[in-house]
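Read the structure below first, then the notes.
We did not get these values from a lab; they are worked out from the coordinates using the rules stated. On a predicted model such as this, the values are computed, not experimentally measured, just so you know. Cβ sites come from the backbone with ideal geometry, for glycine too, and all protein chains shown count toward neighbours.
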Amino acid sequence: MITIAPELPGAIDVIRAATAVGVIAAAGHTDASAEVTADAIAAGTSHATHLFSGMRPFHHRDPGPAGALLDSQVTCEVIADGVHLHDTAIRLAARAVGPGNLVLITDAMTAAGMPDGNYRLGELAVTVTGGVARLSAASAPPGGLGAIAGSTATMDQVVRHAITAVGLSVPEVAEAASTTPARRLGLAGETGALRPGLAADIVLLDGDFRLQTVIARGAPVPAQ
């Protein structure tokens, strides 16, 4: 899978070449118009990298990339961490893309599961405050906050938020967190569901959707 901004010079040719050899072309980190994004979808783009995040904002007269992606049948990632997207936006996205096309992701960086403090995101300095990762003061505009710089969420937190805050059902969240991602990556014959013949990859949660046990290929993973 590659992520490309459709408005970049030569992007459409790259999308066609990638899809021709079995690479999933995803649209993301883009300022493309809805029309340019639609052209990219026609050329083979079949996935959205963290929908809404890193994209031109949706507007009712200028729907931008998010509008075009939601108006198609591509799979769409959403960062359901309670920071990147309003819960209403996640619900709207889930309804728009329909069953089997929603993908839950964390967009986690090195501070995932770690306490507040200073971290690195590639070459960028990041400060985590209250669990929210933002570019450090040196990278922020004068008097403003730095841009959100990835997430500190773990997958169990995303699943729990999608169920308890967003209001998605347990079956659709399980599908969005496991079955659909596995299918898109060509792994449906190995994992992503509970049925005979697949790897016994299981995450057990309690009644409050908090992590209890991880089983990888049939063997419990020791707690860290």
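Its relative contact order, with pairs defined as Cα atoms under 8 Å and 6+ residues apart, puts segment 75-182 at 30 percent. The convex hull around the C-alpha trace of segment 1-60, projected and averaged over every direction, spans 3.6 square nanometres.
Each Cα pair under 8 Å and six or more residues apart adds its sequence gap; the mean of these over the residue count of segment 177-224 is a relative contact order of 22 percent. Highest mean first, the peptides 22-30, 205-213, 76-84 sorted by other C-beta atoms within 10 Å per residue fall in the order 76-84, 22-30, 205-213. Each of ARG120 and THR154 was given a label point 7 Å from its Cα along the Cα-to-Cβ line. The distance between the two points is 2.4 nm.
Set against the labelled values (i) 28, 21, 16; (ii) 37, 22, 13; (iii) 28, 25, 17, semi-axes √(5λ) of the Cα gyration tensor in Å computed from this structure falls on (iii).
Distance from the alpha carbon centroid of segment 49-117 to that of segment 1-23 works out to 21 angstrom. What FRET efficiency comes out for ASP13 versus ARG210 if R0 is 35 angstrom and r is the Cβ-Cβ distance? Round to the nearest 0.05. FRET efficiency, ASP13 to ARG210: 0.15.
Ordering 120-128, 151-159 by mean Cβ neighbour count within 10 Å, with the highest value first, yields 151-159, 120-128. The gain in end-to-end length when the HIS86 to ALA193 segment is fully stretched comes to 35.7 nm, 0.36 nm per residue minus the alpha carbon separation. What relative contact order, as a whole-number percentage, does the chain give when Cα pairs under 8 Å and 6 or more residues apart are counted? RCO, the chain: 12 percent. The simple spin-label model puts a point 7 Å past each Cα toward its Cβ; for ILE202 and LEU145 those points are separated by 4.1 nm. Legend: calculated FRET efficiency, HIS60 to SER169, from the Cβ-Cβ distance at R0 = 30 Å, rounded to 0.05, equals 0.55.
Rounded to the nearest 500, the helix-only mean residue ellipticity at 222 nm of the chain stands at -6500 deg cm²/dmol, with each DSSP H run of n ≥ 4 adding -39,500 (n - 2.57). Annotation: peptides 106-114, 181-189, ranked by per-residue average of other Cβ atoms within 10 Å with the highest first, follow the order 106-114, 181-189. One equal scatterer on each Cα of segment 94-224, no solvent, Debye formula: the resulting log10 I(q)/I(0) at q = 0.11, 0.22 Å⁻¹ is -0.51, -1.26.
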